[in-house]
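Student: One structure coming up, written as structure tokens, with questions to follow.
The values are calculated or read from the model by the stated rules, or taken from the named source; none is laboratory data. These figures come from a predicted structure and were not determined experimentally. Quick reminder, even Gly has a Cβ in these numbers, built from the backbone with ideal geometry, and neighbours come from all protein chains shown.
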Amino acid sequence: MNSRENEGITCQRCGNCCRVDMVAYIAPKDIQRWEKEGRHDIIARLRENDVMWAGDRIVNRFGVKVRDCVYLNWDGSIFSCEIYETRPLICRNFIPGSSALCPQYNRKG
């Protein structure tokens, strides 16, 4: 399925695409942007989180599998991103329905 087929699909804010710690996917351009924006809080929190790839999973410094992005919030009915307005490129480029992570996968907009 290509991204054009998914353009009309609206995010349901289920949080599934955030069920992987985005720290492992941060691009150097994200760090540069956050430095320019003065978002040293994001950079510091990422360094504190200290995650790494361990074969087929992401683990924290204690060896525990990381399940969710540290910036994923739940208010009881929907998920939201704590840093949505300056989220990483990997998140900005995600198109709802474009991946099996999304419950709307295989649905055309």
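Student: With the requirement that a residue be touching a Leu at 6+ places or on another chain (Cβ under 8 Å) and at pLDDT 90 or above, what does the stretch 17-49 give you?
Tutor: Lys29, Asp30
Student: For the stretch 57-66, enumerate the residues that are closer than 19 Å to Gly15 by Cβ and either assigned to a strand (DSSP E or B) or charged (D, E, K, R) (or both).
Tutor: Arg57, Ile58, Lys65
Student: Testing Asp41 on (1) closer than 21 Å to Pro96 by Cβ; (2) free of Cβ contacts under 8 Å to residues at least 12 places away in the same chain, one condition comes back false. Which one is that?
Tutor: It fails just one condition, (1).
Student: Here is a further query. Can you tell me which residue is nearest to Val51 (Cα to Cα) among those in the stretch 67-109 that are in contact with a strand residue (DSSP E or B) (Cβ under 7 Å, 6 or more places away or on another chain) and assigned to a loop (DSSP other than H, G, I, E, B)?
Tutor: Here the residue is Tyr71.
Each row is one residue, and each column tells you yes or no for (1) surrounded by 12 or more Cβ atoms within 10 Å (Cβ to Cβ); (2) not acidic (Asp, Glu).
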residue	(1), (2)
Gly55	no, yes
Val59	yes, yes
Gly63	no, yes
Glu82	yes, no
Phe94	yes, yes
Gln104	yes, yes
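Student: Among the residues of the stretch 27-56 satisfying the criterion of being within 12 Å of Thr86 (Cα to Cα) and assigned to a loop (DSSP other than H, G, I, E, B), which is farthest from the chain's Cα centre (by Cα)?
Tutor: Looking at the filtered set, the residue picked out is Gly38.
Student: Hey, another quick one. Any idea which residue in the stretch 70-80 is nearest to Ile58 (Cα to Cα), counting only those that are crowded, with 17+ Cβ neighbours inside 10 Å and hydrophobic (A, V, I, L, M, F, W, C)?
Tutor: Val70
Student: Which residue pairs have Cβ atoms closer than 6 Å, lie 6 or more positions apart in sequence or on different chains, and pair a first residue in the stretch 89-102 that is more than 20 Å from Gln32 (Cα to Cα) with a second residue that is β-branched (Val, Ile, Thr) and outside any helix (DSSP H, G or I)?
Tutor: Once the first residue is more than 20 Å from Gln32 (Cα to Cα) and sits in the stretch 89-102, its partners that are β-branched (Val, Ile, Thr) and outside any helix (DSSP H, G or I) give Pro96/Ile9; Gly97/Ile9.
Student: While we're on this one: When Ala27 is evaluated against the numbered criteria (1) surrounded by 14 or more Cβ atoms within 10 Å (Cβ to Cβ); (2) touching a helix residue (DSSP H, G or I) at 6+ places or on another chain (Cβ under 8 Å), which criterion, by number, is the only one it fails?
Tutor: All conditions are met except number (1).
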